[in-house]
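This report refers to the structure that appears directly beneath it.
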Amino acid sequence: MIVIGGIIGSGIFINPYIVAQRLDSSALVLGAWIAGGAIALAGALSYAELGSVFPRVGGQYAYLRDALHPLAGFLYGWALLAVIETGAIAAVAIAFATYTLRLVGQPDLSPIPLAIAALVVLSLINVLGVKPGSRVLNVLVVLKVGALAVLIAFGLFAPSAAGWFTGAKSATTAEMSGAVAFGAALVPILFAYGGWQNANYVAEEVHDPGRQLPVSIIGGTIAVVAIYVLVNVVYLRALGLEGLAATSTPAADAARHMFGSVGDRFVTAAIAISTFGFLDLAILAPTRVYYAMAADGLFFPALAKLHPAYRTPAVAIAVQTTWSCILALSGSYGQLLNYVVFADWIFFALTVSTIIVFRHTVPLSSRSPLSFRAPGYPLLPVLFVAAAAAIVLSVVWADPESASRGALLLAAGIPLFYWFVTQKRKATKTTSSSPNPTV
């Protein structure tokens, strides 16, 4: 539930039109979604090994801290709070509000107030306890996967647009061409595929993580790749390449084209449910990272405190939600998407590179024979890191302004890290110099 719920949010319902705008044939569109799925699976295999061998609270933060440097771990947690998770939450909240307003017949209203209200409600649910938040998540994941299954099942047999697979744009309508276009198309695709790492956040809380984590991460990622490719086939069959590129609401338009107004409302409701479920998970899981950083003395101590009655990280949830609301007020969906992909894929590359470090510092001979070993080592990790670097460069090329702002946010974390290190040293000296209490 965590893996699938963390991946399927708003991306598959919205981003396909951006991909169709950037590529000049239906075959390339489907090829890009398959390529993005292969990249995501390569990353998921490495994360499965890391989670199996090192089931530690905080996931990526712990791997980067232990394999590379505490600064690398800190910058990941800082970026998660500053832009990665909060930016994704803001973008998906806007998508949720947009489709909910469309469902109730008020598409012209601003989505921002409803987006903020949804974040506040879900934050309160997760403050009340882990069980309420996880139960809401389970119900919403089942509903959104079921809705996608219905869309695929009916869409594959509905009448298709003429020449939907062989469709191609003219040179005058294509935005860009060649490798640059393919790389730019992978940006919204990999935003849609991101999320398999959520299971690693809670690895320490999983029963038998050496076996359970790899199964959930790999199985969940493969399931999502299959769903995404089939959904894009449905979009192209219903709308054709030009039609898909011309709409910012491809799922709803494809359903309306195939099934009339009933299909439109069905898919619009499915998108609202899906995005609401993603927001629930995004508010719940990443707070473990802030907790681990604060427990290490490298973040604000209040973020490690639990609510006295509900035993939840209420302050961390409140801080994350507040900043997400500010980002929702300040950026459009597309801008937020580029911020998130730029920062997220830097740390995906760094995290997968830690598998190479750990293979040397914790050799296979010293591990449990039951621990998961990522296949294709070292080729797959190296190829994933190269692909991630290419994605980051694509964002820089396509939207240098967003990339610059993301880089500045990351850079702002460096002096903050050393400030926390200094404060930790002072606290340690104070504790060591104080007289020992009498037992």
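The values are calculated or read from the model by the stated rules, or taken from the named source; none is laboratory data. Computed from a prediction, not measured in an experiment: that's the story for all the values here. Quick reminder, even Gly has a Cβ in these numbers, built from the backbone with ideal geometry, and neighbours come from all protein chains shown.
Things worth noting here:
- Unmet criterion (only one of (1) touching a residue at least 24 places away in the same chain (Cβ under 8 Å); (2) within 28 Å of residue 406 (Cα to Cα); (3) surrounded by fewer than 23 Cβ atoms within 10 Å (Cβ to Cβ)) for residue 50: (3)
- Any hit, segment 104-117, residues being of a type in the set (S, T, N, Q), modelled with pLDDT of 85 or more and surrounded by 20 or more Cβ atoms within 10 Å (Cβ to Cβ): no
- Entirely in segment 84-191, the helices (runs of 4 or more DSSP H) that have 2 or more residues that are charged (D, E, K, R): 85-103, 130-155
- Residue count for segment 380-400 satisfying the condition of being touching a residue at least 40 places away in the same chain (Cβ under 8 Å), of a type outside the set (Val, Ile, Thr) and within 22 Å of residue 64 (Cα to Cα): 9.
- Test result for residue 71, in contact (Cβ under 8 Å) with a residue 24 or more places away in the chain and within 15 Å of the chain's Cα centre (by Cα): no
- The set of residues from segment 410-436 being in a helix (DSSP H, G or I) and modelled with pLDDT under 85 comprises 427, 428, 429, 430, 431, 432, 433.
- Every residue from segment 311-329 that is among the aliphatic types (A, V, I, L, M), farther than 19 Å from residue 79 by Cβ and crowded, with 18+ Cβ neighbours inside 10 Å: 314, 315
- A residue that is in a helix (DSSP H, G or I), at negative phi and of a type in the set (Phe, Trp, Tyr) can be found somewhere in segment 327-334.
- All of 311, 288 fail the test of being under 30 Å from residue 419 (Cα atoms) and outside any helix (DSSP H, G or I), apart from 311.
- Selection status of residue 73, farther than 19 Å from residue 317 by Cβ and modelled with pLDDT of 90 or more: yes
- Subset of segment 6-16 (residues that are in a helix (DSSP H, G or I) and more than 10 Å from the chain's Cα centre (by Cα)): 12, 13, 14, 16
- Considering each residue of segment 55-64 in turn, none proves to be part of a helix (DSSP H, G or I), touching a residue at least 24 places away in the same chain (Cβ under 8 Å) and surrounded by fewer than 22 Cβ atoms within 10 Å (Cβ to Cβ).
- Among residues that are closer than 20 Å to residue 190 by Cα and either modelled with pLDDT under 95 or small (Gly, Ala, Ser) (or both), residue 41 is included.
- Residue match in segment 68-79 (condition: surrounded by fewer than 24 Cβ atoms within 10 Å (Cβ to Cβ) and under 25 Å from residue 215 (Cβ atoms)): no
- Check on residue 41, in a helix (DSSP H, G or I), more than 23 Å from residue 317 (Cα to Cα) and free of Cβ contacts under 8 Å to residues at least 40 places away in the same chain: no
- Residue in segment 234-247 that is farthest from residue 257 (Cα to Cα), counting only those that are within 26 Å of the chain's Cα centre (by Cα) and surrounded by fewer than 20 Cβ atoms within 10 Å (Cβ to Cβ): 246
Quick grid of which residues meet (1) of a type in the set (S, T, N, Q); (2) touching a Pro at 6+ places or on another chain (Cβ under 9 Å); (3) under 30 Å from residue 245 (Cβ atoms):
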site	(1), (2), (3)
4	no, no, yes
9	no, no, yes
12	no, no, yes
19	no, yes, yes
42	no, yes, yes
50	no, no, no
58	no, no, no
75	no, no, no
98	yes, yes, yes
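- The set of residues from segment 365-400 being within 26 Å of residue 84 (Cβ to Cβ) and of a type outside the set (A, V, I, L, M, F, W, C) comprises 381, 394, 399, 400.
- Failed condition for residue 350, given (1) over 25 Å from the mean Cα position of the chain (by Cα); (2) under 28 Å from residue 213 (Cα atoms); (3) in a helix (DSSP H, G or I): (1)
- Among the residues of segment 387-401, just one is at pLDDT below 85, within 18 Å of the chain's Cα centre (by Cα) and more than 15 Å from residue 32 (Cβ to Cβ), namely 395.
- Taken across segment 359-379, residues that are surrounded by 16 or more Cβ atoms within 10 Å (Cβ to Cβ), in contact (Cβ under 8 Å) with a residue 40 or more places away in the chain and part of a helix (DSSP H, G or I) do not occur at all.
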